[in-house]
Amino acid sequence: MINSEEKYKHIKVVDNCVPPTIAKYLEDICVPHKSRKVSEDPFHLPPFLTYTFNPTIAKTSSSPGMSVSLSSIFPQTPCKGRRHEFEYLFLNTLYSASSLEGIIVENVLQSRVFLHMPSPNPGLDDIHVDVDLPHQVFLYYVNDSDGDTVFFKDDKKTEIKRVTPKKGRGVFFNGSINHCSTRPFKSHRCIFNYDFLGIKLDKK
């Protein structure tokens, strides 16, 4: 059992979680791009990535936040082609990063893709923990953006660390640490969020 002070030491930033080609592929799928051809919808995303408004990460329509839930490469409903390919790479991102840190993933409790739209009112979103039971969290940053992830002590007031989104970067932390996203101002902010149970291997 990690005590309340010790857990704050378990915030680990990992860069280059996946190969650059995979990082670019994931960004191209998940993040709307204005650079697409005029004939295309610049905010078109694959049908399996239908974002829905999520009030827990954006409380007002002026700072929209959206998410889509994913959890398994063996979905309950049949899927083919790019969706299966994406879900495989989505979960493999967690497993790749975990292997770099010597973590064995035992069970993925829930996993989601979050997308923040640029906001005219940048600031902190809701300070929270994802799941009310012992677990670990891994956040993967799909693209370079503003909108830091901020970590707090149990009082939800004392800031202990900030992590800036960077494509290919991830951060592991104890799931009981209060944290929140920061609304971006300059660009879309896209992350993968995984709540999981795992074991940290001892380094010899």
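The values are calculated or read from the model by the stated rules, or taken from the named source; none is laboratory data. Not measured: the values here are computed from a predicted model. Positions of Cβ are backbone-derived with ideal geometry, glycine not excepted, and every protein chain shown enters the neighbour counts.
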Take the conditions at pLDDT below 75, of a type in the set (Lys, Arg) and either in contact with a Phe, Trp or Tyr (Cβ under 6 Å, 6 or more places away or on another chain) or in a loop (DSSP other than H, G, I, E, B) (or both) and apply them to residue 37. Does it pass? yes
Members of the stretch 106-133 that are in contact (Cβ under 8 Å) with a residue 60 or more places away in the chain, farther than 25 Å from residue 86 by Cα and surrounded by fewer than 16 Cβ atoms within 10 Å (Cβ to Cβ): 120, 121, 122, 123, 126, 128
Among the residues of the stretch 182-193, is any at pLDDT 95 or above and charged (D, E, K, R)? no
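Would you pick out the residues in the stretch 178-192 that are in a loop (DSSP other than H, G, I, E, B) and touching a His at 6+ places or on another chain (Cβ under 8 Å)?
Residues of the stretch 178-192 in a loop (DSSP other than H, G, I, E, B): 183-188.
Across the stretch 178-192, the qualifying residues are 183, 184, 188.
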Return yes when residue 76 is assigned to a loop (DSSP other than H, G, I, E, B) and at pLDDT below 90 and no when it is not. yes
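Restricting the search to the stretch 148-171, which residues are over 16 Å from residue 113 (Cα atoms) and not basic (Lys, Arg)?
148, 150, 151, 152, 154, 155, 158, 159, 160, 163, 164
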Can you confirm whether residue 195 is in a loop (DSSP other than H, G, I, E, B) and either acidic (Asp, Glu) or loosely packed, with under 14 Cβ neighbours inside 10 Å (or both)? no
Flag if residue 133 is over 14 Å from the mean Cα position of the chain (by Cα), aliphatic (A, V, I, L, M) and closer than 22 Å to residue 95 by Cα: yes
Could you check residue 164 against (1) touching a residue at least 40 places away in the same chain (Cβ under 8 Å); (2) closer than 22 Å to residue 95 by Cα and say which number it fails? (1)
Residue, farthest from residue 86 (Cα to Cα), within the stretch 173-191, restricted to residues that are surrounded by 23 or more Cβ atoms within 10 Å (Cβ to Cβ) and within 13 Å of the chain's Cα centre (by Cα): 179
